[in-house]
Amino acid sequence: AKESCKKVHSCGHPCGGVADEEVCLPCLEGCDKSISHFADSDDFCQICWTEPLSAAPSIRLGCGHVVHYNCAKELIAHRWNGPVISFAPWSQCPSCKTTIDHPLLEELMAPVRELKADVERKALMRLEFEKKDNDPEIVEEGGAFHGDPVGFALNKYNYYMCYKCEKPYFGGERDCGVAAG
């Protein structure tokens, strides 16, 4: 209740957002006709799937989807499962898979973006080192990663987090890890 916005929209419905947000969450009853109706108060949170959006303070992500604020914070805090660094699904909108983006989550997401940039940089360097940056999957139209060498590299290589220095390091090709079980 402390995190809930206490403002009331001009339509008379309470704001379903978070207290002290710079911009209030649009009315979850669909009263604001200037925006396309994006969510209903009785839609379930796409992260927890246990309560409707109206049951807890919600936020509208940069992509436009609405989730509970605390569910988003918890999702980001849990990070990836297992030893291999991955950025899905814990740092992505559950509906459209774009990277989670909201001003209230900036403090949590800044280190995630830094880690992702570091892993992507290292994966591209590995791709060039192994002379696989011209793989047909990247350069040929119709290739699974056409024009997306970063996606190809992240799909091809495993990166792990060093427990001492807390920096990502190359851990071999993904196919090798799968074959080894």
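The values are calculated or read from the model by the stated rules, or taken from the named source; none is laboratory data. Keep in mind that this is a model prediction, so the values were computed, not measured. No Cβ is skipped: glycine too gets one built from the backbone with ideal geometry, and neighbour counts run over all protein chains shown. Surface areas here come from the heavy atoms of the whole protein model, side chains and all, with no ligands, DNA or RNA. Shrake-Rupley method; radii C 1.70, N 1.55, O 1.52, S 1.80 Å.
Of note:
- Filtered residues of region 70-86 (kept if open to solvent by 50 Å² or more (accessible area, probe 1.4 Å) and in contact with a strand residue (DSSP E or B) (Cβ under 8 Å, 6 or more places away or on another chain)): PRO83
- Scanning region 151-173 for residues that are open to solvent by 80 Å² or more (accessible area, probe 1.4 Å) and of a type in the set (Lys, Arg) turns up LYS164, LYS167.
- When region 42-80 is filtered for residues that are closer than 19 Å to PRO26 by Cα and of a type in the set (S, T, N, Q), the ones remaining, listed by number, are GLN46, SER54, SER58, ASN70.
- The set of residues in region 44-69 that are open to solvent by less than 70 Å² (accessible area, probe 1.4 Å) and part of a loop (DSSP other than H, G, I, E, B) comprises CYS45, GLN46, ILE47, CYS48, ALA56, PRO57, LEU61, GLY62, CYS63, GLY64, HIS65.
- Within this structure, VAL84 passes the test of being within 19 Å of ARG113 (Cα to Cα), over 12 Å from the mean Cα position of the chain (by Cα) and of a type in the set (A, V, I, L, M).
- Residue list for region 136-150, filter: open to solvent by 60 Å² or more (accessible area, probe 1.4 Å) and β-branched (Val, Ile, Thr): VAL139
- Residues within region 87-99 that are touching a strand residue (DSSP E or B) at 6+ places or on another chain (Cβ under 9 Å), part of a loop (DSSP other than H, G, I, E, B) and not hydrophobic (A, V, I, L, M, F, W, C), tallied: 4
- Listed by first and then second residue, the pairs linking a residue in region 145-159 that is small (Gly, Ala, Ser) to a residue that is open to solvent by less than 10 Å² (accessible area, probe 1.4 Å), with Cβ atoms under 7 Å apart and 6 or more places separating them unless they lie on different chains, are ALA153/ALA123; ALA153/LEU127.
- Being farther than 24 Å from LYS97 by Cα, of a type outside the set (Lys, Arg) and at pLDDT below 95 is a description that applies to VAL8.
- In region 70-81, the residues that are at pLDDT 95 or above and either part of a loop (DSSP other than H, G, I, E, B) or basic (Lys, Arg) (or both): LYS73
- GLU166 fulfils the conditions (1) of a type in the set (Asp, Glu); (2) part of a helix (DSSP H, G or I); (3) within 26 Å of LYS73 (Cα to Cα) except for a single criterion, (2).
- Residues in region 64-96 that are free of Cβ contacts under 8 Å to residues at least 24 places away in the same chain and polar (S, T, N, Q): 3 in all.
- The set of residues in region 1-43 that are β-branched (Val, Ile, Thr), in a loop (DSSP other than H, G, I, E, B) and over 22 Å from the mean Cα position of the chain (by Cα) contains only ILE35.
- Taken residue by residue, region 30-43 has no member that is open to solvent by 20 Å² or more (accessible area, probe 1.4 Å), touching a residue at least 12 places away in the same chain (Cβ under 8 Å) and within 30 Å of GLU114 (Cα to Cα).
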